[in-house]
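Structure record follows, encoded as structure tokens.
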Amino acid sequence: MKALFIGGTGNISSACVELALSRGIEVTLLNRGTSGRPVPNGAQVLTADIRDPQTVRAALGSRSFDVVAEFVAFNPEHIETDLELFRGRTGQYIFISSASAYQTPPAILPVTESTVLDNPYWGYSRNKAACEERLVRAYREEKFPITIIRPSHTYSAPYVPIDGGWTAIDRMLRGEPVIVHGDGTSLWTLTHASDFAKGFVGLMGNAHAIGEAFHITSDEWLTWNQIHEILAAAAGVKATLVHVPSDLIAAYDPTWGESLLGDKTHSFILDNSKVKRLVPDFICTMPFSRGAEEIIAWHMSDPARQRVDPAFNAFCDRILKAYAKAWPGY
């Protein structure tokens, strides 16, 4: 099997590339060559900017692929470019969408692939849904061979899956309070990239996946309080959590608020039965307790990785100061 990964060096795609290579798939990456992550041994690289179709055509030449996997398309204009570039060049086009495009808040749990796409809070999610709509039309009108995959919150060692990233961990280490939205009890799903890759690679070249959409997530459900506490335990400390309403956070920071109201505020669990039917060996084996240890160990192994954002710290302190006036002694 010959596969082209557009991107291929990111949080999710790196694990997919590594697993694909280990299974004997011939992998080519197409990207700008600016990522800090090393290219896995065995992968070929085409250097081009997917936003510049002329350079992509020059890099591709007459190549065709069994699978083209698109990790960096975020609006319908990006999809139009891909359609022009890959018509007649691939037997399967896999688009990485987002589970955040599902109905928010969900009317019924668990969420399945038949759940309507309707997120009125987050522009990122609406753009992903618009990408899906364009691809479905391409499938219906011209049988362009699409497969849509919707990751939820996927992490790897370099990626701290809480707001603030390493800055929040640094606050824990210094004994400073950390903000958790709502009351911290909404349910959430975190998926290690190596587990996500099992489902993804299993769908590559799978004829039954053409024209279908799948989400790929862990079956482990955690509250946001637990997520923060597990990370703190991995760092060897006890976290001081301060619960702040998502609406209040949004009033102070619309960007952070949009990602909360449009994704993380509500309990969100997903039924993975569909991908398991097509990929029977899709089993998530990395519990977050182990994933958290991996995250902390990766950052602690090199001080250069422990990047602290002063602006995020200042923002947290400002919100906590204001919140203390309404809730003395929090």
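The values are calculated or read from the model by the stated rules, or taken from the named source; none is laboratory data. None of the values given here were measured: they were computed from a predicted structure. Please note: Cβ atoms are built from the backbone with ideal geometry, for glycine as well, and neighbour counts cover all protein chains shown.
Look through the stretch 287-325, keep the residues that are at pLDDT below 95 and farther than 16 Å from Thr167 by Cα, and return whichever of them is surrounded by the most Cβ atoms within 10 Å (Cβ to Cβ).
The residue in question is Tyr323.
For Gly61, state whether it is touching a Cys at 6+ places or on another chain (Cβ under 9 Å) and farther than 24 Å from Lys274 by Cα.
Taking the combined requirement at face value, the residue does not satisfy it.
When the stretch 19-74 is examined, which residues are found to be charged (D, E, K, R), within 16 Å of Ala197 (Cα to Cα) and either not assigned by TED's automatic domain parsing to the domain that holds Cys131 or not in a strand (DSSP E or B) (or both)?
Answer for the stretch 19-74, where residues must be charged (D, E, K, R), within 16 Å of Ala197 (Cα to Cα) and either not assigned by TED's automatic domain parsing to the domain that holds Cys131 or not in a strand (DSSP E or B) (or both): just Arg23.
Tally time: how many residues in the stretch 44-78 are charged (D, E, K, R) and in contact with a strand residue (DSSP E or B) (Cβ under 9 Å, 6 or more places away or on another chain)?
Filtering the stretch 44-78 for residues charged (D, E, K, R) gives 49, 51-52, 57, 63, 66, 70, 77.
Filter once more, keeping what is in contact with a strand residue (DSSP E or B) (Cβ under 9 Å, 6 or more places away or on another chain): 49, 63, 66, 70.
Residues that pass the stated criteria total 4.
Suppose we keep only residues that are closer than 21 Å to His208 by Cβ and without any contact (Cβ under 8 Å) to a residue 60 or more places away in the chain within the stretch 87-106. Which one would you say is surrounded by the fewest Cβ atoms within 10 Å (Cβ to Cβ)?
Per the criteria, the residue is Phe95.
Assess whether Ile108 counts as being part of a loop (DSSP other than H, G, I, E, B), more than 30 Å from Asp309 (Cβ to Cβ), aliphatic (A, V, I, L, M) and modelled with pLDDT of 95 or more.
So Ile108 fits the description; yes.
List pairs: first residue in the stretch 128-142 and over 19 Å from Gln103 (Cα atoms), second residue part of a helix (DSSP H, G or I) anywhere in the structure, Cβ distance under 7 angstrom, at least six positions apart or on different chains.
Within 7 Å, the pairs are Leu135/Ile79; Ala138/Leu83.
For the stretch 164-178, which residues satisfy the criterion of being over 15 Å from Ala234 (Cα atoms) and touching a His at 6+ places or on another chain (Cβ under 8 Å)?
Correct list: Val178 only.
Pairs only if they're at least six apart or on different chains, beta carbon under 8 angstrom, first in the stretch 290-307 and of a type in the set (Gly, Ala, Ser), second in a helix (DSSP H, G or I); list them, first residue then second.
From residues that are of a type in the set (Gly, Ala, Ser), the pairs are Ala292/Ile230; Ala292/Leu231; Ala292/Ala233; Ala292/Ala234.
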